[in-house]
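What follows is a short report on a single structure.
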Amino acid sequence: EMMKEILGLRALETELEQKLGVTKVVIVPGNSDEEDWVKQEMGQACVRELKSIIIPSSVVAVMGGTTLAAVAQMMTPDPKVSQSIFVPARGGLGERVENQANTISAEFADRAGAEYRLMHVPDQLSEEAYSSLVLEPSVKEILDLIKTSRILLHGIGDATRMAARRSSEEPFMNKLKREHAVAEAFGYYFNQTGEIIHKQRTIGLQLDELDAGKHVISVAGGASKANAIAAYMKHRPSDVLITDEAAAKGLLHNE
Ligand code: BG6
């Protein structure tokens, strides 16, 4: 904490809270684009935040990505957390297994001594498959649990980079370009003003279900993500943003 004063990060946090309309911003030193330990620092900050707000028997929904994977690694046992249950927030989104929401939620739970549930759904669903799958009792059960989640942890990505990572087809890449996509979060793509320009079809939590009753913690850093974070927060300012110094400076110097 003293370190933050020395580095002037405390002042940046306040400035960023005002600029983004986010209730609480936590900034860790460094640039996670360049150094991996910065993701771990964001991870520690996120775990601290989670432990400070969680009440026993909470359902915690988590998304995928390398940042959330690093956050899960930082989880440690805690009596309040061990009575909670971790679930993936949405179905598969074309990530490598270690970066999938299922894997990450299991990792969180294992380290916390808590429970988890997996969601077994394929990545790209046709409309028909989608409508019949949500009626399957085992799928319905986890979907109901996800709906009751009070806490959501998710990452934010650069739109083009995320689409490429998901091996998207060229027509879709062109659409993103045409419509000036800059941000991606849990399968939604946004332009710089925060409008949704595409939504990937998958089951689980939908963006319009993030009502005031859900405590949303976004974790994203690196200079390259400044625009993406700004765009996403225009759509829906999170309750908490955990980021790094490089992204924070980029965010504050833009516009
Ligand atoms: C994805 C999430 O798995 O990870 C997205 O669905 C997020 O919400 C992305 O944009 C971020 O990935 P990373 O690896 O940059 O943390």
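Restricting the range 129-160 to residues that are under 30 Å from R178 (Cβ atoms) and free of Cβ contacts under 8 Å to residues at least 60 places away in the same chain, the residue that is farthest from the ligand (Cβ to nearest atom) is S131. Of the listed requirements (1) closer than 30 Å to L135 by Cα; (2) among the aliphatic types (A, V, I, L, M); (3) open to solvent by less than 10 Å² (accessible area, probe 1.4 Å); (4) not in a strand (DSSP E or B), A212 misses just one: (3). Among the residues of the range 189-209, the ones that are away from the ligand (no atom under 12 Å from the Cβ), of a type in the set (A, V, I, L, M) and within 16 Å of P237 (Cβ to Cβ) come to 1 in all. Taken as a whole, the structure places F186 among residues that are at pLDDT below 95, within 15 Å of the ligand (Cβ to nearest atom), surrounded by 23 or more Cβ atoms within 10 Å (Cβ to Cβ) and not basic (K, R). For the range 18-40, the tally of residues that are open to solvent by less than 50 Å² (accessible area, probe 1.4 Å) and part of a helix (DSSP H, G or I) stands at 3.
Taken over the range 161-183, the criterion of being within 15 Å of the ligand (Cβ to nearest atom), surrounded by 15 or more Cβ atoms within 10 Å (Cβ to Cβ) and more than 14 Å from the chain's Cα centre (by Cα) is satisfied by A163, R165, R166, S168, L176, A181, V182. Tally time: how many residues in the range 65-91 are in contact (Cβ under 8 Å) with a residue 60 or more places away in the chain and not in a helix (DSSP H, G or I)? Count: 7. Filtering the range 228-255 down to residues that are within 22 Å of I196 (Cα to Cα) and among the basic types (K, R), which residue is most open to solvent (accessible area, probe 1.4 Å)? Only one residue fits best here, namely K234. Right, S82: touching a helix residue (DSSP H, G or I) at 6+ places or on another chain (Cβ under 7 Å), hydroxyl-bearing (S, T, Y), away from the ligand (no atom under 16 Å from the Cβ) and over 15 Å from L153 (Cβ atoms) or not? When the stated conditions are applied, S82 passes them.
Could you pull out the residue among A114, A89, A45, A61 that is away from the ligand (no atom under 11 Å from the Cβ) and in contact with a Phe, Trp or Tyr (Cβ under 7 Å, 6 or more places away or on another chain)? Show your work before the answer.
Working: A89 fails: away from the ligand (no atom under 11 Å from the Cβ); A45 fails: in contact with a Phe, Trp or Tyr (Cβ under 7 Å, 6 or more places away or on another chain); A61 fails: in contact with a Phe, Trp or Tyr (Cβ under 7 Å, 6 or more places away or on another chain).
When all the criteria are applied, what remains is A114.
The values are calculated or read from the model by the stated rules, or taken from the named source; none is laboratory data. Computed from a prediction, not measured in an experiment: that's the story for all the values here. Backbone-built Cβ (ideal geometry, glycine too); neighbour counts: all protein chains shown. Calculation scope for accessible area: heavy atoms of the full protein, side chains included, ligands and nucleic acids excluded. Shrake-Rupley method; radii C 1.70, N 1.55, O 1.52, S 1.80 Å.
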